[in-house]
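Report on one structure; see the data block that follows.
The values are calculated or read from the model by the stated rules, or taken from the named source; none is laboratory data. All figures in this text were calculated on a predicted structure; none of them were measured in a lab. Neighbour counts run over all protein chains shown; Cβ positions are idealised from the backbone, glycine included. We work out accessible area using only protein heavy atoms, side chains counted, and drop any ligands, DNA or RNA first. Shrake-Rupley method; radii C 1.70, N 1.55, O 1.52, S 1.80 Å.
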Amino acid sequence: MTHSSTVTVYTTRRDRGFAHALAAGISDRADSGPHTADMSLLENHTSEHGRALVLLPLGGVDWQVKELSALEGSVLIGDLSGGHSLIRGLAAGAHTALNSQLPFASLLDELQTALNPNSAQPAHDTSSLVQRIRLRAEEFARISSLTDREFEIMGLLYGGSNVDSIARTAHIAPTTVRAHIRSILQKLGVHSQMEACGMLRRSGHDTRRYPLELRIGRF
C-alpha cells in the first residue's frame, strides 16, 4: 500500500478498536502505517494530513458543514444503517465508500486499492455506487421493520424450514405461520419466499436479528 503514512483514520470512541485493527492491517502491508484520530477532529482535516479514512459509527453520522468540506478525496467505511451518511459523503467529494461488513481481509484488499494514489474512480462509478447503497439501505430498512416474531419466522424460512416445521418450532398453528409469511412478503415488497430470503442475506442481519460477524459482499 503506497503512502500509508499519510493516512488518518477518523473514528468514534466506540469503534476505536476496529480503527486500530484497520490501521495495523494497513501497516502490515506497507513500510509505515496510518494513525487514528477522534471523529471530532475531522473538520480540521486538510490535504496536509494526507488521505482521510473515515470509519462511520452504527447509524451513520449527521455531517456538519465543516466535516463535509474535509471529505474531499476521503475513503468512507460504514454499513447499511448509515447509508444516508455514505451517500451524502460521496456527494461531498469522498473518493469511495467501502462496506464495513466485508470479511476483514477483503476489506483490507479494498482499502489497498482505494488508498492507492494512482487509483482513480470515474464519476459514473460513484453514481453507480450511490445507487447500490441507496437500494441496499432501503432493503435494510424493510428488513428492520419486521416484528420480532416475523423476523424469527423469516430466519426459519432462510434456514430451509417449511410451514409445518415452523409451526412446530414456534408453537403456533400453520395458518398463523402463513399469515405471518404474507405479512413478511408485504412489508418487504416481494412476491416469493426466495426473494425475501435473498433480501435477508443482503441486509447484513443474521437470523438472530444481530449484525453478522462476517458479512458477504460489497454494497
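General remarks:
- Residue match in region 74-87 (condition: among the β-branched types (Val, Ile, Thr) and either open to solvent by 60 Å² or more (accessible area, probe 1.4 Å) or without any contact (Cβ under 8 Å) to a residue 40 or more places away in the chain (or both)): no
- Residue within region 114-121 that is in contact with a helix residue (DSSP H, G or I) (Cβ under 8 Å, 6 or more places away or on another chain) and open to solvent by 60 Å² or more (accessible area, probe 1.4 Å) present: no
- Failed condition for Ser127, given (1) assigned to a helix (DSSP H, G or I); (2) at pLDDT 90 or above; (3) of a type outside the set (Phe, Trp, Tyr): (2)
- Looking at region 1-118, the helices (runs of 4 or more DSSP H) lying wholly inside it that each contain 1 or more residues that are more than 24 Å from Ser203 (Cβ to Cβ) and of a type in the set (Val, Ile, Thr) sit at 16-28, 65-69, 104-114.
- Residue in region 168-186 that is among the charged types (D, E, K, R) and surrounded by 13 or more Cβ atoms within 10 Å (Cβ to Cβ) present: yes
- Only one entry in Asp38, Asp15, Asp28 is open to solvent by 20 Å² or more (accessible area, probe 1.4 Å) and within 18 Å of the chain's Cα centre (by Cα), namely Asp15.
- Hits in region 166-192 (condition: at pLDDT below 95 and of a type in the set (S, T, N, Q)): Thr169
- Taking first residues from region 146-164 that are basic (Lys, Arg) and partners that are open to solvent by 30 Å² or more (accessible area, probe 1.4 Å), the Cβ contacts under 7 Å between residues at least 6 apart in sequence or on separate chains come to Arg149/His180.
- Glu138 falls short of the stated requirement of being surrounded by fewer than 18 Cβ atoms within 10 Å (Cβ to Cβ) and not in a helix (DSSP H, G or I).
- Condition check for Leu156 on (1) open to solvent by 30 Å² or more (accessible area, probe 1.4 Å); (2) more than 14 Å from the chain's Cα centre (by Cα); (3) more than 30 Å from Leu185 (Cβ to Cβ): one failure, at (3).
- Of all the numbered requirements in (1) open to solvent by less than 60 Å² (accessible area, probe 1.4 Å); (2) within 26 Å of Asp125 (Cβ to Cβ); (3) hydrophobic (A, V, I, L, M, F, W, C); (4) under 19 Å from the mean Cα position of the chain (by Cα), Ala91 misses one, and that requirement is (1).
- All conditions in (1) assigned to a loop (DSSP other than H, G, I, E, B); (2) touching a helix residue (DSSP H, G or I) at 6+ places or on another chain (Cβ under 9 Å); (3) within 29 Å of Ser81 (Cα to Cα) hold for Gly160, with the sole exception of (2).
- Here Ala52 meets the list (1) over 20 Å from Arg134 (Cα atoms); (2) in contact with a Phe, Trp or Tyr (Cβ under 8 Å, 6 or more places away or on another chain); (3) open to solvent by 10 Å² or more (accessible area, probe 1.4 Å); (4) not hydroxyl-bearing (Ser, Thr, Tyr) almost entirely, failing just condition (3).
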